[in-house]
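For reference, the structure discussed in these notes is given below.
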Amino acid sequence: MSLCLAIETSCDETSVAVIKNGSEVLANVVSSSSKLFEETGGVVPEVAARAQVEYIVPCIQKALDDANLSIEQIDYFAVTKGPGLVGSLLVGITCAKTLSLIYKKPLLGINHLYGHVFSVFITKYLGQVIQNRTPKIPSLCLVVSGGHTDIAILKNTTTIKYLGGTIDDAVGESFDKIARLLGLSKYLGGKDLSLLAKTFKGFSKLQLPRPLINSNNFDFSFSGLKTATKLAFEKNYKKEEIAFDFEQAVVDVLMKKIDKALNTFKLQSIIVGGGVIANEKLRKTLVEKYGTRVFIPPLYLCGDNAAMIGCAAHFLYKKLVNKKFDVDPNLSLDKAF
Ligand code: KG4
Ligand code: ZN
């Protein structure tokens, strides 16, 4: 039996989890400073880092209390080393390094994007069985988050082969910018945009572009879609219709690239992780098309959380246990770990 205490502080969430054997979540505390950024319309790194300092120790204490464990019972620690905001990341990393030193237990530095991929391997959450099946490896994986849109192959439980990613804006970032343009939310408006899209009934004549949908590679581009959406707004198209067609355009592009990857490589399962997989239309479209071949985390594991970091640490334990690491704000899925 192994018990891991994992820490995630890559942006404006402070999260601490306790994971047993890499698949059973005993505690997953998530505290967010995102409310502070509704006024500024975007995260202020310095403010986010200060909030991390304020929240981290109470979050560690609460996670241990929730799991009914003392820190001495933890076997090893794991922490997100990147990508993310350097100030925020440093709070988690410094804290984890200190704990590892004091309690003389191993510490693993984890790539946040690997966390989003491995989140689908969690089978039990706070005493409840959440799934009794896991992806067949090799598996296709797609990470769609605020800062990333990456498609790759999980070759085995420790190796990810990168296929492609966005050449400009990430998909979550595009959702957020369009939500802001439509006056829905100044910060993290993906969900609000999706709710507005749902209210549009009928057929959209808007036909926004689907960038790179037929390109001969696995790259994505969303900046042209964003510009076209802005023009439609200026031409006074109804906000509901803009939201609907924007969301549909994103889903169409993601689905086409998944299809292309499945046709190019022999892969049974499809893993989709990251904040944007909370999107209802994307979840529904994937399940309608691929049924039980698709693996998506439950809503409470889509956004940033430490449980996924602890899960990734379990799979990568042998590879990373003796590896020194430092903050790596520009880490991506195409770099090993
Ligand atoms: O993975 P995540 O929590 O943070 C990063 O690592 O970036 O992803 C956050 C992103 C934000 O851009 C947010 O607007 C988006 O996920 N998001 C959504 C939805 N819920 C969250 N985008 C579209 N539809 C949603 N329902
Ligand atoms: Zn994330």
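Before moving on, here are some points about what is shown:
- The charge dipole of the stretch 78-186, taken about its Cα centre with unit charges on the Cβ atoms of Lys, Arg (+1), Asp and Glu (-1) only, comes to about 520 debye.
- Where labels lie 7 Å past Cα in the beta-carbon direction, separation of residue 47 and residue 103 in nm: 3.3
- Between the listed residues 317, 276, 296, the Cα displaced farthest toward the positive end of the dipole of the stretch 224-324, a dipole computed from Cβ unit charges relative to the Cα centre, is found at 317.
- Between amide H atoms placed 1.01 Å from N, distances below 5 Å from residue 125 occur with 25, 130, all of them 5 or more places distant or on a separate chain.
- Listed residue pairs exceeding 24 Å between alpha carbons, taken from 191/230; 124/198; 20/257: 124/198; 20/257
- Compactness of the chain, expressed as Rg and Dmax over alpha-carbon positions, Å: 19.7, 63
- Given 16 as the ceiling on other Cβ atoms within 10 Å, longest exposed-site-free region of the chain for trypsin sites (Lys or Arg not before Pro) in DSSP loops: 1-103
- Amide H contacts of residue 160: 155, each under 5 Å away and 5 or more positions distant or on a separate chain (H built 1.01 Å from N in the peptide plane; Pro and chain starts excluded).
- Highest GNM mean-square fluctuation among 58, 138, 211, for the chain modelled with Cα contacts below 10 Å: 58.
- Efficiency of FRET between residue 207 and residue 299 - r from beta-carbon atoms, R0 30 angstrom, step 0.05: 0.45
- FRET efficiency estimate (nearest 0.05) - Cβ-Cβ, residue 34 to residue 214, R0 45 angstrom: 0.80
- The H on the amide N of residue 81, modeled in the peptide plane, is under 5 Å from the matching H of 110, 111, 112, each at least 5 residues off or on a different chain.
- Distance between the 7 Å Cα→Cβ label points at residue 323 and residue 61: 3.4 nm.
- Here's the picture: a label point sits 7 Å out from the Cα of residue 252 along the beta-carbon direction, and within the stretch 192-219 the residues with their amide nitrogen under 16 Å of it are 202-215.
- Dipole of the stretch 220-260 computed with +1 at Lys/Arg Cβ and -1 at Asp/Glu Cβ about the Cα centre; of 246, 221, 258, farthest Cα towards the positive end is 221.
- Sites residue 335 and residue 266 - FRET efficiency at Förster radius 22 Å, r taken between beta-carbons, to 0.05: 0.30
- Sequence of 116, 148, 314 when ordered by accessible area, the most exposed leading, probe 1.4 angstrom: 314, 148, 116
- Fully extended contour minus Cα-Cα distance, from residue 131 to residue 70, at 0.36 nm per residue: 19.2 nm
- Mean ellipticity per residue at 222 nm, deg cm²/dmol - from DSSP H runs of n ≥ 4 across the chain, formula -39500 (n - 2.57): -12500 deg cm²/dmol
- Whole-Hz ³J(HN,Hα) from phi, Karplus 6.51 cos²θ - 1.76 cosθ + 1.60, for the stretch 235-242, glycine and proline x: 7, 6, 4, 5, 4, 4, 5, 4
- Magnitude of the charge dipole, the chain, Cβ model with Lys/Arg +1 and Asp/Glu -1, debye to 20: 1040
- Within the shell defined by Cβ-Cβ distances under 12 Å, the residues around residue 27 carry a net charge of -1, with Lys and Arg each +1 and Asp and Glu each -1.
- Given +1 at the Cβ of Lys and Arg, -1 at the Cβ of Asp and Glu and no other charges, the dipole of the stretch 188-277 around its Cα centre is 80 debye to the nearest 20.
The values are calculated or read from the model by the stated rules, or taken from the named source; none is laboratory data. Keep in mind it's a predicted model, so treat the numbers as computed, not measured. With ideal geometry, Cβ positions are generated from the backbone for all residues, glycine too; neighbour counts draw on all protein chains shown. Just the protein is used for accessible areas: all its heavy atoms, side chains included, with ligands, DNA and RNA removed. Shrake-Rupley method; radii C 1.70, N 1.55, O 1.52, S 1.80 Å.
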